[in-house]
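Taking it in order: structure first as structure tokens, then the write-up.
The values are calculated or read from the model by the stated rules, or taken from the named source; none is laboratory data. Keep in mind it's a predicted model, so treat the numbers as computed, not measured. As a convention, Cβ positions derive from the backbone with ideal geometry for all residues, glycine included, and neighbour counts pool all protein chains shown.
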Amino acid sequence: MKRANRWSVLSLAVFAAASGLGWRAVAAAQGASEVAVVAAGADHSCARLADGSVRCWGDNAFGQIGDGTTTSRATPAPVAGLRSVAEVALGAEHSCARLTDGTVRCWGGNSFGQLGDGTNESRSTATPVAGIDHATQVAVGARFACARLTDGTVSCWGANCAGQLGDGGRTRRSVAAPVVGLTHVAELALGSQHACARLDDGSVRCWGYNSHGQLGDGTTTFRTEPNAVRGIGSATAIAAGAEHSCARLADGTLRCWGSNDDGQLGDGTTTSRTAPVAVPGVTDASTMTLGAVHSCARSAGGAVHCWGGNAAGQIGDGTTRGRYTPALIPGLHAVQMASGRAHACAIDARGSVHCWGDNHMGQLGDGAWAGRTQAAAATLTSG
């Protein structure tokens with residue numbers, strides 16, 4: 001099968017979508033230390049453990065698992081030589097981690113300079129990102145990455161064909177460069193080829209690819225510098241998926257914009273939007289996670305609603321039928337979750353990881369290669 005070329009523009013043709021029901025607990029991701037955070041990339045996943053180490057599984061064609069090989073794994077493998085990790089973020093072919101000292105390490109594919117080490121050489125083990133030593137957040141897109149720094153500015157590196165580095169041009173960079181005119185940044189979210197920043201005043205700025213209005217500025221014009229999202233002035237969180245973006249407002253409601261071919265904006269239509277629209281039925285969102293063509297929101301109590309494309313079962317409702325409005329996922333009470341291209345993972349209250357959706361590269365981490373379509377509450381126990 002030809003490899004998909006974009007982690008978040010199209011869901012790939014799934015050939016192992018729905019063999020069996022129920023969540024699958026991630027094998028061997030627990031035991032040594034409780035799982036603190038789970039992250040999902042195109043076709044791979046990682047978990048940061050409470051001891052600061054990281055384990056990854058799934059697609060490893062470019063070394064994005066970080067175990068020193070290019071062998072894909074259906075069960076978690078430790079990232080070699082990586083300790084004191086505060087945060088992990090994944091893209092299409094690469095992965096990055098922010099350490100507790102503010103430095104950043106990346107590994108995997110590097111043909112666009114997305115590892116930020118000044119080369120285009122892929123790495124199967126973690127390598128330092130040049131010039132980044134005061135990071136407070138790392139975010140990863142398809143083939144680029146950005147770091148939010150302690151002074152509230154942002155620097156990015158990697159692919160830049162759509163202006164997603166925000167430096168005013170479209171030249172790729174293998175060393176981090178500042179995003180033009182961006183200060184007071186509180187949060188970053190990166191999509192396939194676009195990026196968004198939430199400022200400390202609650203406004204949102206986006207830049208990069210804009211073919212479906214994912215920048216939210218009322219146009220489909222690409223932007224090489226940050227541009228304001230229309231009508232958003234009280235955002236408390238943001239998320240970016242394939243070619244769509246969402247913001248949580250201070251009242252717990254959601255606004256989304258961009259591509260809507262699969263209903264991933266949740267407004268009951270398949271009409272793409274160049275400016276934010278309300279997501280009906282979600283009034284107490286705590287966090288959001290966006291995949292290629294699906295979206296999910298978790299409430300403060302742990303209940304999860306998902307909507308959008310579902311060809312691989314990534315919504316987790318036991319079907320492969322798409323949803324144009326949010327649907328409650330039965331039996332799922334998550335403390336944290338993440339979405340990849342066509343799969344999703346969550347941590348339950350006991351610190352165990354469970355994944356569902358596409359699994360053709362082993363990205364569910366259950367030791368198998370068959371996809372899963374349903375979350376079953378009975379399996380929410382330690383592995």
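Per the listing G218, G213, G258, G266, the residue uniquely surrounded by fewer than 22 Cβ atoms within 10 Å (Cβ to Cβ), touching a residue at least 40 places away in the same chain (Cβ under 8 Å) and not polar (S, T, N, Q) is G218. One residue stands out among those in region 187-205 that are aliphatic (A, V, I, L, M) and out of contact with any Ser or Thr (no Cβ under 9 Å at 6 or more places or on another chain): the one that is farthest from T224 (Cα to Cα), which is L188. The requirement of being under 26 Å from L115 (Cβ atoms) and over 19 Å from the mean Cα position of the chain (by Cα) is fulfilled nowhere in region 190-198; no residue meets it.
When region 342-351 is limited to residues that are surrounded by fewer than 24 Cβ atoms within 10 Å (Cβ to Cβ) and touching a strand residue (DSSP E or B) at 6+ places or on another chain (Cβ under 6 Å), the one that is farthest from D59 (Cα to Cα) turns out to be G351.
Highlighted here are the strands (runs of 3 or more DSSP E) found entirely within region 122-206 that include at least 1 residues which are of a type in the set (S, T, N, Q) and over 22 Å from S111 (Cα atoms): 135-140.
The set of residues in region 286-328 that are among the hydroxyl-bearing types (S, T, Y), assigned to a strand (DSSP E or B) and under 24 Å from A370 (Cα atoms) comprises T289, S295. The requirement of being under 24 Å from L290 (Cβ atoms), touching an Asp or Glu at 6+ places or on another chain (Cβ under 9 Å), surrounded by 24 or more Cβ atoms within 10 Å (Cβ to Cβ) and modelled with pLDDT of 95 or more is fulfilled somewhere in region 65-76, by at least one residue. Here A247, A189 are screened, and the one residue that is small (G, A, S), crowded, with 17+ Cβ neighbours inside 10 Å, at pLDDT 95 or above and under 20 Å from G158 (Cβ atoms) is A189. Being surrounded by 22 or more Cβ atoms within 10 Å (Cβ to Cβ), modelled with pLDDT under 95 and over 21 Å from T220 (Cα atoms) is a description that does not apply to A242.
Scanning region 88-122 for residues being of a type in the set (D, E, K, R), crowded, with 19+ Cβ neighbours inside 10 Å and farther than 20 Å from S192 by Cβ gives a total of 3.
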